[in-house]
Amino acid sequence: MTRDELINELIGGGYLKTPALVDAFRSVDRRQFVAEGHKSEAYENSPLPIGFDQTISQPLTVAFMLEAIQVQPGDKVLDIGAGSGWQSTLLAYLVGETGKVIGVERIPELCKFAENNIANYPDLAKRVAIITGDAGLGYPAEAPYDRIIAAAAAEAVPVDWQNQLKIGGTLVAPIGQSIVVMHKVTQDKFETSTFMGFSFVPLIRE
Ligand code: SAH
């Protein structure tokens, strides 16, 4: 598939809808985030290996999660499991000049890989910080966040993530093979929706 064919497939399938998100997908080239040896598959709608038993996520899944989270200009976003840096860069596009993206990744080599990939977009790179570490307890140093998104599946949504979300904020996380969307209404009240039928690498706890 070509880049346009992939994006048109995501739009046609109803996965990509919000104009700003379509713009983000058109502006941030997945090929820049795919490992050498897989460049020719960059526009396939499938996850691809990035080394260390990890993958760059499937485009359909990224589109679905980013539609669910509805990032706004100026938002501060926590991106758990930065991997290739693709999703962090899409988020950087969506938060605009006044927003900020904190990408946490536990594998140091992948942090370097993500930073190198994001550097292809100097304006967006200014809005992204890649942190090496375990985000199983979130990243309290930069909390609270308007949005929290995870790319690795936990067994339940960690309470620390819920606590680090602002009231009015949204959290999107894979739990098992489902995607859970939590909107924080008050300090201890969430509106939760669950969408089944996805596939994720596991969240690893140290
Ligand atoms: N958003 C990434 C997806 C990478 S896959 C992309 O599009 O490329 C999920 C990533 O989560 C992997 O790189 C894995 O190393 C990382 N991960 C797993 N458990 C983690 C944890 N506890 N803290 C931080 N990162 C974690």
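Bear in mind these aren't lab numbers, they're just calculated from the coordinates by the rules spelled out. What you see is a predicted model, and the numbers here were worked out from it, not measured in a lab. Because the Cβ atoms are built from the backbone with ideal geometry, glycine has one as well, and the counts that use them run over all protein chains shown.
For Cα pairs less than 8 Å apart in space and 6+ apart in sequence, what is the mean separation divided by the residue count of segment 3-196, i.e. the relative contact order in percent?
Reported as a whole number, the value is 16 percent.
Annotation: extensible slack from Lys112 through Thr98 equals 2.6 nm (criterion: 0.36 nm per residue apart, minus Cα-Cα distance). Across segment 53-120, Cα pairs under 8 Å and at least six residues apart give a relative contact order of 34 percent.
Could you state the angle between the C-alpha long axis of helix 3-12 and the longest principal axis of the C-alpha atoms of the chain, as a value from 0 to 90 degrees rounded to the nearest 10? Rounded to the nearest ten degrees, it is 50. Taking the DSSP bridge list for the chain and keeping only pairs wholly inside it, about 45 percent are antiparallel. Build a GNM of the chain with springs between Cα atoms under 10 Å apart, and of Val71, Val22, Val104 the one that fluctuates most is Val22. Spacing of the modelled spin labels on Glu9 and Thr132, each 7 Å from Cα toward Cβ, amounts to 3.6 nm.
Exposed loop positions in the chain were taken to be trypsin sites (Lys or Arg not before Pro) whose DSSP state is not H, G, I, E or B and which have at most 15 other beta-carbon atoms within 10 angstrom. Between these positions, the longest stretch is 18-125. With 25 Å as the limit on Cα-Cα distance, the pairs of Lys112/Lys184; Lys17/Lys126; Lys76/Lys184 that go past it are Lys112/Lys184; Lys17/Lys126.
Relative to the longest principal axis of the Cα atoms of the chain, the long axis of helix 108-118 makes an angle of roughly 70 degrees.
Its convex hull of Cα atoms gives segment 3-196 a direction-averaged projected area, equal to a quarter of the hull surface, of 9.9 nm². If the segment from Arg31 to Gln72 were pulled out straight at 0.36 nm per residue, it would be longer than the present Cα-Cα gap by 12.2 nm.
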